[in-house]
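I have placed the structure first, in the form of structure tokens, so that the comments after it can refer back to it.
Every number in this text was worked out from the coordinates using simple rules, so none of it is lab data. These numbers come from a predicted model, not from an experiment. As a convention, Cβ positions derive from the backbone with ideal geometry for all residues, glycine included, and neighbour counts pool all protein chains shown.
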Amino acid sequence: MKTDDLIAALAADASPVRRSAVWTRWALALLLASALSALIMALAWGVRPDIHQAMRTTPFWMKAFYTAALGVAGLLMVERAGRPGVRLGWGVALAAAAFAAILALAAHELMNLPMASWRADMMGSSARVCPWRILAISAPVFLIAMATLRWMAPTRPAVAGAAAGLLAGGLGATVYGLHCQETAAAFTAMWYTFGMALWPLVGAAIGRWALRW
Amino acid sequence: MGAASLNGLVFRFAREDGGIGAVTSSVSGVEARLKALMLRGLDGDSAAQRDLLSALSGYLRAYFARRLGRDASDIEDLVQETLLAVHLKRASYDRAQPFTPWAYGVARYKLLDHYRRIGSRAEAPLEDAGALFAADDSAPREARRDLGRLLDGLPERQRNLVRDVKITGLSIEEASQRSGMSASAVKVSIHRAVQAMARRARDEDR
């Protein structure tokens, strides 16, 4: 086929693209992904029984804000990473700020505790399972985010894959926060962060072939 | 695009191209012209989409020839594959951003993908978008791979529709009358055919 013939066929295919096309797609993707994550959480571990009281406490919201901030940062990055020729934008700064904030809170918390109880504070009662549960709960978000990215045009696939992983980890961990009863900032800084970092590592590693277009 | 951001672009090109006045004004002229076509194409204007892809094909040909060597046999294939990507991925273009960096991003990605496929270790340095629009070569070469042949696996109706609109230049309405399908069914068929061409263009060399 001659290039001019191809161009004619493509021009015939030029139907209108709505301005909201990208955000609509992400909104639908995240709606589906959140529902699946919530389903995993509810079926596997259940919402914490004292959720109503917990929602009146600071630690609950500290965890929620930290994980949600990373999820939003991931969403901002993934939307940019799917568009050729633009910078990554504010997502990186937001993620860095959220991480710095939880480290500061954790440091402040530990400074006010005797050194002998640091270990108990950091380990809580679920350190061994927390990261892996976050990994599991985030899996549907990661898969759906990667599929949505492939529909876009990621030109830096490792970065894009990592951003999809951050979005997945942040959203998944926020959902997991409805079950988890840990209250320490040090616990959140260590184990939530570890759990949320897993999909970004996977995404960066497989981006090159998983996000090819 | 506002005057301020256009000036920013001009300034960027001016700085990175060493401040040559002629280059500066021509690249910003290209940006303004192509962006206007892209926006109209996104609103569903076929003629604008055709003008956009025609203009891009000249820049792409010159860019790939510079990177692959003037006589490389796969230049035209790569031009076609990139045009398919520009068309199919156009939703990923943010109307608030300049157009030329987007087009350059797509072209460079396709070049890197090509290098990877042929097992070349050549690198495509990340340049300013001006690298794609520095030269124009509007004389098409012979494509090594025949995308038309890739249509052979499609249902006859879709194949005929694509031939109708590309060779005889029928409009969607005319093609719809001739085939007895509704205009929206014609559109869907053509879109499927285009997607199939893009899929096969990418898969054939794997």
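Details
- Shielding score for B:109-115, defined as the mean number of other chain Cβ atoms within 10 Å: 2
- For the residues of B:35-44, the average number of beta carbons from a partner chain within 10 Å of their own beta carbon is 2.
- Here segment A:1-70 is assigned +1 on the Cβ of each Lys and Arg and -1 on the Cβ of each Asp and Glu. Its dipole about the Cα centre then comes out at about 360 debye.
- Applying a DSSP loop filter and a limit of 13 other Cβ atoms within 10 Å to the trypsin sites (Lys or Arg not before Pro) in segment A:53-129 leaves A:56, A:87, A:128.
- Backbone HN-Hα couplings from phi across segment A:125-135 [Karplus 6.51/-1.76/1.60, Hz, Gly and Pro as x]: 10, 9, 4, 6, 9, 3, x, 6, 5, 5, 4
- Set of lysines with alpha-carbon distance to residue B:35 below 29 Å, sequence-local pairs under 8 removed: A:2, B:89, B:110, B:166, B:187
- Within the straight-line cut-off of under 12 Å between alpha carbons, the aspartates and glutamates reachable from residue A:63 are A:182, sequence neighbours fewer than 8 places apart in one chain being disregarded.
- Net charge contributed by nearby residues that have their C-beta within less than 12 Å of residue A:41 (K/R +1, D/E -1): +2
- Across segment A:139-145, coupling constants 3J(HN,Hα) worked out from phi with the 6.51/-1.76/1.60 Karplus curve, θ = phi - 60°, read 4, x, 5, 4, 4, 5, 5 Hz, and Gly and Pro carry x.
- Whole-Hz ³J(HN,Hα) from phi, Karplus 6.51 cos²θ - 1.76 cosθ + 1.60, for segment A:12-27, glycine and proline x: 5, 8, 7, 7, x, 10, 6, 4, 8, 3, 5, 5, 4, 4, 5, 4
- Percent RCO, i.e. relative contact order, over chain A, from Cα pairs under 8 Å lying at least 6 residues apart: 30 percent
- Shielding by partners, peptide A:81-89 (average Cβ within 10 angstrom, other chains): 6
- Selection from A:102, B:65, A:8 lying farthest towards where the dipole of the protein assembly as shown points positive, charges on Cβ: A:102
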